[in-house]
Amino acid sequence: MSHSRQWNILVVTSDLGGRGGIQRHSRTLIEVLRGHLGLAVETCDLRLDGTWIRRVAGLSRGLFHLFHSRPDLVLCTHVGLAPIGLFATRILNTPYVVIVYGVEIWGIESCKKHRLLSNAAGTWAVSTFTAAKVGELYPSASRPVMIGTGIRNSFFEPLTDAGTCPPTLLTVTRLDDLKYKGIDVVLDALKLLRKTGTEVHYVIVGDGPARAALATMVDDKDLSDCVEVLGAVSEAELLTQYRRAHVFVLVSRYAEGPNPMGEGLGLATLEAAAAGVPVVVGQQGGSVDTVEDGVTGLLVPPGDPSAIARAVQALLYVDTAAAAERPEIISTWTKRRFGLAAFAERLRVALHEVGVSV
């Protein structure tokens with residue numbers, strides 16, 4: 001296949017303008033495919049949630065777009081969008097790729113998922129953990145390729161000196177399930193820190209249906225004086241919060257089966273690390289890809305408040321020289337693995353495996 005050919009890629013997305021991690025990953029993916037790899041990319045944005053009528057209407061629009069654009073490759077940004085890719089293969093002989101993240105893989109298996117993944121030309125996973133789970137649970141799928149994600153250059157900025165009284169912990173997450181994200185355990189860790197005389201300010205950025213339950217939980221644990229819930233914020237304000245933080249904490253639990261939990265990767269963790277912030281993350285799921293344990297942060301058992309408290313103290317109380325060097329070490333590690341250039345190179349390799357040379 002000639003390198004001079006102009007490849008046309010159709011990227012099928014869902015709610016592309018949304019705030020979620022999948023939507024943000026999809027926007028960066030499109031940016032890199034166009035700007036770094038020089039591909040002609042069209043997008044087809046669908047909403048496949050809601051009533052069956054909405055789902056059928058969304059699929060119909062997707063099929064219309066498919067026939068209109070006649071792409072060389074269809075890139076489905078979720079397995080729920082892969083029926084459009086399967087149609088492209090069977091009717092137009094156009095290959096498709098499915099991007100996989102986390103709970104949709106290690107949740108309930110289904111014949112439909114097996115069919116959609118086994119017919120795909122490629123399966124791209126956001127983490128080594130998710131890639132391994134695809135191989136374990138869907139052995140008929142094409143060999144999963146780990147593409148990770150890309151963190152935009154604006155996140156790789158120097159830390160702002162936020163002072164030391166009190167130090168700030170930060171969590172950035174959607175507030176759908178407090179147990180899944182481990183916020184309940186972090187609050188218990190705060191109580192343990194207080195008992196040792198360590199006072200911290202805990203900032204939570206994010207919104208969702210569990211926000212009222214979080215406010216109740218904070219009051220019940222008598223932590224309202226040191227916990228601040230900001231809700232959803234602009235990207236500019238998000239950057240400010242990352243740069244003010246002393247430690248980022250996201251200790252998501254992991255579970256398989258009918259009620260799956262777990263991080264496919266952890267975009268917010270990588271954004272914090274890009275800003276040079278040390279991280280405390282759970283040692284299960286795709287989170288392990290986001291930290292070099294003992295260098296850029298610490299891995300902890302996600303359900304253990306004592307371990308979380310000890311990790312926070314270890315990261316807060318380092319000697320002055322180490323504290324001065326640490327932000328650059330963390331940011332450099334993150335950029336080398338998850339900067340846009342690194343993401344582009346992984347995508348180049350993944351595309352080559354499905355016959356697209358760039």
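Just so you know, all these numbers are worked out from the coordinates, no wet-lab data involved. Source: prediction; values computed, not measured. All Cβ positions, glycine included, derive from the backbone under ideal geometry; neighbour counts span all protein chains shown.
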Whole-Å distance linking the alpha carbon centroid of the stretch 286-358 with that of the stretch 180-204 is 22 Å
Using amide H atoms built 1.01 Å from N in the peptide plane, name the residues 5+ places from Ile151, or on other chains, whose amide H lies under 5 Å from its own. Gly339, Leu340
Enter the angle in degrees (range 0 to 90, nearest 10) between the Cα long axis of helix 320-338 and the first principal axis of the Cα atoms of the chain, meaning the one along which they spread out most. 10 degrees
So what's the angle, to the nearest 10 degrees on a 0 to 90 scale, between helix 305-316 and the longest Cα principal axis of the chain? 80 degrees
Which FRET efficiency value, to the nearest 0.05, do you get for Ala213 and Val233 by plugging their Cβ-Cβ distance into 1/(1 + (r/R0)^6) with R0 = 22 Å? 0.65
In a Gaussian network model of the chain with springs linking alpha carbons closer than 10 Å, the residue among Gly18, Gly231, Gly150 that fluctuates most is Gly18
What list of ³J(HN,Hα) values in whole Hz, one per residue of the stretch 260-271 in order, does the Karplus curve 6.51 cos²θ - 1.76 cosθ + 1.60 (θ = phi - 60°) give from phi, with Gly and Pro shown as x? x, 9, x, 7, x, 8, x, 4, 5, 4, 5, 5
Unsatisfied cross-links (Cα-Cα over 29 Å) in the set Lys112/Lys335; Lys113/Lys181; Lys181/Lys221; Lys191/Lys335: Lys112/Lys335; Lys191/Lys335
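For the stretch 184-285, run through the GluC sites (Glu not before Pro) and keep only the ones in DSSP coil with at most 13 other Cβ atoms within 10 Å of their Cβ.
Glu199
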Quick check: pseudo-label points 7 Å beyond the Cα along Cα→Cβ at Ser306 and Arg54, how many nm apart are they? 4.7 nm
Starting from the amide H of Asp45, placed 1.01 Å from N in the peptide plane, find each other amide H under 5 Å away whose residue is 5 or more places distant or on another chain. Thr13
If r is the Cβ-Cβ distance from Val295 to Glu109 and R0 is 45 Å, what FRET efficiency results, to the nearest 0.05? 0.80
In terms of the Cα gyration tensor, with a ≥ b ≥ c the square roots of its eigenvalues, is the stretch 4-83 rounded because a/c is under 1.5, prolate because a/b exceeds b/c, or oblate? oblate
Could you give the distance between the Cα centres of the stretch 91-125 and the stretch 65-84, to the whole Å? 12 Å
Of the labelled options (i) -0.71, -0.89, -0.98, -1.16; (ii) -0.76, -1.03, -1.15, -1.33; (iii) -0.63, -0.88, -1.01, -1.27, which one gives log10 I(q)/I(0) by the Debye sum over Cα atoms at q = 0.10, 0.12, 0.13, 0.15 Å⁻¹ as computed for this structure? (iii)
Gain upon complete extension [Leu223, Thr196; 0.36 nm per residue less C-alpha separation]: 8.2 nm
Please list 3J(HN,Hα) in residue order for the stretch 123-140, calculated via the Karplus relation 6.51 cos²θ - 1.76 cosθ + 1.60 where θ = phi - 60°; whole Hz, with x for glycine and proline. 10, 10, 10, 7, 8, 5, 5, 5, 4, 5, 5, 4, x, 6, 8, 10, x, 7
Sort the stretch 1-156 into rounded, prolate or oblate with this rule: let a ≥ b ≥ c be the square roots of the eigenvalues of the Cα gyration tensor; rounded if a/c is under 1.5, and if a/c is not under 1.5, prolate when a/b is larger than b/c, oblate otherwise. rounded
In degrees, nearest ten, helix 340-353 long axis to first principal axis of the chain (Cα): 30 degrees
From the phi of every residue in the stretch 223-236, what ³J(HN,Hα) in whole Hz does the Karplus formula 6.51 cos²θ - 1.76 cosθ + 1.60 yield, where θ is phi - 60° and glycine or proline is x? 10, 5, 7, 10, 10, 10, 9, 8, x, 6, 10, 5, 5, 4
Can you tell me the relative contact order of the stretch 64-165? Whole percent, Cα pairs under 8 Å, sequence separation 6 or more. 21 percent
